Each structure stands twice: as C-alpha cells, then as structure tokens.
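Derivation of every value follows stated rules applied to the coordinates shown; laboratory data play no part. Just so you know, these numbers come straight off a predicted model, no measurement behind them. Please note: Cβ atoms are built from the backbone with ideal geometry, for glycine as well, and neighbour counts cover all protein chains shown.
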Amino acid sequence: MLLKGGGCENVSTQYSLPDPAVDAHRDLTGCKKVVLDAIVRAQGKGCAPGVIGVCIGGDRAIGYKMAKRQLLRRLDDINPDPQLARFEEEVFELANSLGIGPMGFGGRTTLLGVKTCTVARVPASFFVTVSYMCWAFRRRGVIFKITGELVDWI
C-alpha cells in the first residue's frame, strides 16, 4: 500500500518525446532531460526531499501506474538493468547538484532516490512518466492467509 498526498500527486507528470521545449529526444539522454525538468518544476511543491519513480515507455495510463509502482522498491536496491541503474544514479546525482534542497529552500538533498522501469510502447508514442513521492514515504504492507486471517504487517 502506498499513500500519496496531493502535493506529490500534483507535481507528478508525463512527457511525450521528442520534447523541443527541453531539447529531449527519444533516447536515455532525452529521458534524463525531462526527468530533471520535472524535478525543477516541482521545486518546493512536492514535500522534498522526495523519491522519483520513472516509467519510460508504455501508454499514458500504464506509464503512471508503472512509475508509481517504482516507488514501492526499496531505496537501497539497485536496478538489475545496468543502463537503468546508471540512469538512476546519474539523475540522482544531477538532481542533488541543482541546489533545490528540502522544500525548495536550497541544499544538496533534493532527492532521496530515483527508481526507473521501462515498458513496451508503440512506435508512434514515447512517454516518460515521473511519479513523485514526498519524504514522508507512507508505505505499508500486509500479509494475509488465503482464509483472510492477518499474518503480519510489513
């Protein structure tokens, strides 16, 4: 279960590449540009420092679903895809070098993590979806037996 507040939902966004406004093409560099643009636009509006879930590909609906699903990943995990692991690390470092900081008041901690996935897309569309999660990160899990009996909260 992932409880998201309105602030982080309000700054979540989706881009369609190519995006001439930020000179983003249909490649990982273009994806990085739009994710950083989303972070700059979110300054102070999404309870920073935050965590960014990114989905590259999919259609509009699946993009949002999969970007949010990335927020369920542990902060200390490493993406099994080496290219996406490098992408996550680069976006994380660049975002924290922007000087936005907590709540947009300046500093070196703008993000606590970046989690990314890719999904299939049709050739005519290239969406990059960014789902923002605030520092409070209200996550909880529960395990039930098949009978419905509560086993444990995780």
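Listing for the model above:
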quantity: Vicinal HN-Hα couplings computed from phi for the range 31-41 (Karplus, 6.51 cos²θ - 1.76 cosθ + 1.60; Hz; Gly/Pro x); calculated: 4, 4, 4, 6, 5, 5, 4, 4, 5, 5, 5
quantity: Tally of Lys pairs whose C-alpha atoms are under 22 Å apart, taken over the chain, 8 or more apart or cross-chain; calculated: 17
quantity: The chain: calculated mean residue ellipticity at 222 nm from DSSP helix runs of at least 4, using -39500 (n - 2.57); calculated: -9000 deg cm²/dmol
quantity: Label point at Arg26 placed 7 Å out along Cα→Cβ; residues across the range 57-94 whose backbone nitrogen lies under 16 Å; calculated: 57-60
quantity: The chain: antiparallel DSSP beta bridges as a percent of all, rounded to 5; calculated: 70 percent
quantity: For the chain: relative contact order, % (alpha-carbon pairs under 8 angstrom, 6 or more apart); calculated: 36 percent
quantity: Residue of Asp77, Asp27, Asp19 that the Gaussian network model of the chain assigns the largest fluctuation, springs spanning Cα pairs under 10 Å; calculated: Asp77
quantity: Whether the range 2-153 is rounded, prolate or oblate, judged on the alpha carbon gyration tensor where a/c under 1.5 counts as rounded; calculated: oblate
quantity: Dipole in debye (nearest 20) - the range 2-153, about Cα centre, beta carbon charges: Lys, Arg +1; Asp, Glu -1; calculated: 420 debye
